[in-house]
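Notes follow once the structure below has been shown.
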Amino acid sequence: MSLLFGLGPTADIDIALDGEDRRKLIEVRLDKDRKAKYPLYLDGESVSGKVKIHVRDNKRIEHNGIKVEFVGMIELFSDRSQHSEFASLRQELAAPGEIRGTTSYEFEFKNVEKQYESYFGINVKLRYFVRVSITRRLADISKEKDVWVYSYRMPTDANQSIKMEVGIEDALHIEFEYNKNKYHLKDVIIGKIYFLLVRIKVRHMELSIIRRETTGSPPNQYNESETITKFEIMDGAPARGETIPIRLFLSGFELTPTYRDVNKRFSTRYYLNLVLIDEENRRYFKQQEVTIYRVKGEMGEDMPEPNALTNGDQGAQPNYAQHAGNVFNGAMRF
């Protein structure tokens, strides 16, 4: 609803999308304390509906035309002037004239290409919305209605396991292995940690998932990292030859697919961060990038979500813990 004080009569605009009550609603975090639900659309689906305009107090509004647009926009929080529209469709609803009382218009954008998936991040927002505008001589009246878009694009290259050896000369040598390097949003990360040489006093080991958002381009490029989840996979000093299993369910976390160079504006990548902490509280890091993607069907978003993390069978010391911890960040030590 738009209020124009001192500029004559104004109007209320309502946008109703066809079949909205039957569509899946996606809950989106707008900020720390606010959430909203948006109807879900897919690439290639038509977007249609009805616009209702009500002029208040039985007055009339003179206008220079009424239009409806379907817009795809990337908004960078660090530079409000750099909003970019990568998709824009437009239809004229009414020629210049005047409106009184309540007037309705229908619209339809057929087979709309929605190239990217919707995303609300730390420094960037990718939105799709319907916008209705009443063009006036002094000030326009407009209303926007957001929709949410999912993309089911599979990675093009083959899935491979990850196996690396890292360590500190004559002090620590470990080998870690993950079952693959690409995971869907409801997947399970399965892996193992092998201790080949242990000459430092390790207190415990942690595994975390880090999301790194990159916006802009050099020299005005911004990187923000956040820890999605962190849990302890070992508590106690390991022995040489020790093997530690890893089993981490991704469902239940607020993950998105990996986005790489979206419209040359931003990227969002995920990393598995393995951390060893010794008795002197020194931390030894190793990060490995993984690809996250969305699939549709029995292995996709409609799967029941596991209700707990698990890390395999429990044994004697070291204790393989199964709980989430607090966020922490640091520098690579390996």
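Couple of notes before you dig in:
- Only residues that are of a type in the set (A, V, I, L, M) and modelled with pLDDT under 95 were counted across the range 102-123, and they come to 1.
- Verdict on F107 being under 22 Å from K52 (Cα atoms), over 22 Å from the mean Cα position of the chain (by Cα), outside any loop (DSSP other than H, G, I, E, B) and free of Cβ contacts under 8 Å to residues at least 60 places away in the same chain: yes
- Yes/no for I209 being buried (at least 19 other Cβ atoms within 10 Å of the Cβ), under 21 Å from N123 (Cα atoms) and either out of contact with any Gly (no Cβ under 7 Å at 6 or more places or on another chain) or without any contact (Cβ under 8 Å) to a residue 24 or more places away in the chain (or both): yes
- Residue list for the range 28-56, filter: at pLDDT 95 or above, of a type in the set (D, E, K, R) and in contact with a strand residue (DSSP E or B) (Cβ under 6 Å, 6 or more places away or on another chain): K37, K50, K52
- Within the range 41-70, restricting attention to residues that are surrounded by 17 or more Cβ atoms within 10 Å (Cβ to Cβ) and aliphatic (A, V, I, L, M), the residue that is nearest to A95 (Cα to Cα) is I66.
- There is no residue in the range 84-92 that is outside any strand (DSSP E or B) and surrounded by fewer than 16 Cβ atoms within 10 Å (Cβ to Cβ).
- The range 133-146: number of residues that are in a strand (DSSP E or B) and under 20 Å from S104 (Cβ atoms): 7
- Summed over the range 51-72, residues that are closer than 20 Å to T135 by Cβ and either part of a strand (DSSP E or B) or free of Cβ contacts under 8 Å to residues at least 24 places away in the same chain (or both) total 15.
- Of all the numbered requirements in (1) assigned to a loop (DSSP other than H, G, I, E, B); (2) at pLDDT 95 or above; (3) within 30 Å of R56 (Cα to Cα), V130 misses one, and that requirement is (1).
- Criterion violated by Q160 - all others in (1) polar (S, T, N, Q); (2) within 28 Å of the chain's Cα centre (by Cα); (3) surrounded by 18 or more Cβ atoms within 10 Å (Cβ to Cβ) satisfied: (3)
- Test result for P238, buried (at least 17 other Cβ atoms within 10 Å of the Cβ), in contact with a Phe, Trp or Tyr (Cβ under 7 Å, 6 or more places away or on another chain), in a loop (DSSP other than H, G, I, E, B) and at pLDDT 80 or above: no
The values are calculated or read from the model by the stated rules, or taken from the named source; none is laboratory data. These figures come from a predicted structure and were not determined experimentally. Cβ coordinates were reconstructed from backbone atoms using ideal geometry, including for glycine residues, and neighbour counts include every protein chain displayed.
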